[in-house]
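**Student:** Here it is, the structure, as structure tokens.
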Amino acid sequence: MRKHQKKCHRRISAAVIFLCIGAITLAMIGSSSGTAITLEQSEQQETQETIISHSGSGVSEEKMISVTRSDGTVDTLTLEDYLIGVLSAEVSPQFYEEALKAQAIAARTYTESKLQEGQPLCDDYRCCQAYYDESQRRERWNERFDENEARLREAVTATSGMVLCYDGQLAKTFFHSTCGGKTASAEEVWGTPYPYLVSVDCSWDTDAPRYQETVELSVAEANACLNDGVVYCSASPSEVPVVKSQTASGRAEEVSYGGTQWKGTDFRQKLGLNSTNFSFEINDGVLSISTIGYGHGVGLCQHGANGMAKEGYTFEEILTHYYPGCYLETQS
Ligand SMILES: [Zn+2]
Ligand SMILES: [Zn+2]
């Protein structure tokens, strides 16, 4: 259990569809404005379907790419080194090998989509993918740096050039930490259906560190978080939020609280909750909200992937489980 800390953002990974076969003109990305796009902008981006044709092969792992950091500086590095930085921020280097490879392919596919669209890369997970540079990795890993670095480099090089496709296009490789037993469809989270971003069972993530979490906040705090300067919520100290409807995967679609019907995703975002799979309790004016899972729930479940790898599944089996109907393609 943790005390509630106001968190304004939730985890989002967005990707855009492109054709898998064809040349990519990789524009060297210079320094962008250095400001991450807002949550609202990124959500709009996520729900857009941008399909751009191109011809030729993929982005070479040796090609230099640029990543704008949160302080406005730009790191220029190879795709391979960038993917190691993404993996280091997205998953534990102690994950099983096949799970690391699956994550490497999901991250590569996502990155290539961005590059093909000519969008800049940054290290903000709400806009692009989380990323740690080498000095951050050294600081986090200390004496395990060499071992961890080698594990991630192996996952990236063993899958060199591999991307995930659906029907001749790069797949939208959304991923998240922990689905909590069942992934969510893109349609139920963002309103846009994709044939391979559908809900699938996942029985492999129950050991995830954030599988279940309870936050406590006073009703006054809940009202303040939900109001954002305008009074939408006027819950009484005895009111318990009610899940009015559920999505196909069992997450909260609509929550009734304080005189307002909230979309489950808005309720989660405003209160900084781990997922939309909530349950509620109230004791002496303190609202306890328990969540199962961590993240939006769409696409690859990182901890589920690790559980699958532990049971002996290959990276291909992991990817085709979480992105059914997709297939691997290796770009030269
Ligand atoms: Zn970005
Ligand atoms: Zn899962």
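**Student:** Return only the number of the condition from (1) of a type in the set (A, V, I, L, M, F, W, C); (2) within 12 Å of ligand 1 (Cβ to nearest atom); (3) modelled with pLDDT of 90 or more that Leu79 does not satisfy.
**Tutor:** Only one criterion is unmet by Leu79, namely (2).
**Student:** Can we say Ser249 is in a loop (DSSP other than H, G, I, E, B), closer than 30 Å to Ala155 by Cα, within 16 Å of ligand 2 (Cβ to nearest atom) and under 19 Å from the mean Cα position of the chain (by Cα)?
**Tutor:** For Ser249, the condition - in a loop (DSSP other than H, G, I, E, B), closer than 30 Å to Ala155 by Cα, within 16 Å of ligand 2 (Cβ to nearest atom) and under 19 Å from the mean Cα position of the chain (by Cα) - is not met.
**Student:** Now for a separate question. Given the residues Arg144, Arg153, Arg138, which is the only one that is in contact (Cβ under 8 Å) with a residue 60 or more places away in the chain and surrounded by fewer than 20 Cβ atoms within 10 Å (Cβ to Cβ)?
**Tutor:** Of Arg144, Arg153, Arg138, the one residue that is in contact (Cβ under 8 Å) with a residue 60 or more places away in the chain and surrounded by fewer than 20 Cβ atoms within 10 Å (Cβ to Cβ) is Arg153.
**Student:** Here is a check on your reading of the model: is Glu311 assigned by TED's automatic domain parsing to the domain that holds Ala102, in contact with a strand residue (DSSP E or B) (Cβ under 7 Å, 6 or more places away or on another chain) and either surrounded by 19 or more Cβ atoms within 10 Å (Cβ to Cβ) or touching a residue at least 12 places away in the same chain (Cβ under 8 Å) (or both)?
**Tutor:** It is false that Glu311 is assigned by TED's automatic domain parsing to the domain that holds Ala102, in contact with a strand residue (DSSP E or B) (Cβ under 7 Å, 6 or more places away or on another chain) and either surrounded by 19 or more Cβ atoms within 10 Å (Cβ to Cβ) or touching a residue at least 12 places away in the same chain (Cβ under 8 Å) (or both).
The values are calculated or read from the model by the stated rules, or taken from the named source; none is laboratory data. None of the values given here were measured: they were computed from a predicted structure. Glycine gets a Cβ as well: all are built from the backbone with ideal geometry, and neighbour counts include every protein chain shown.
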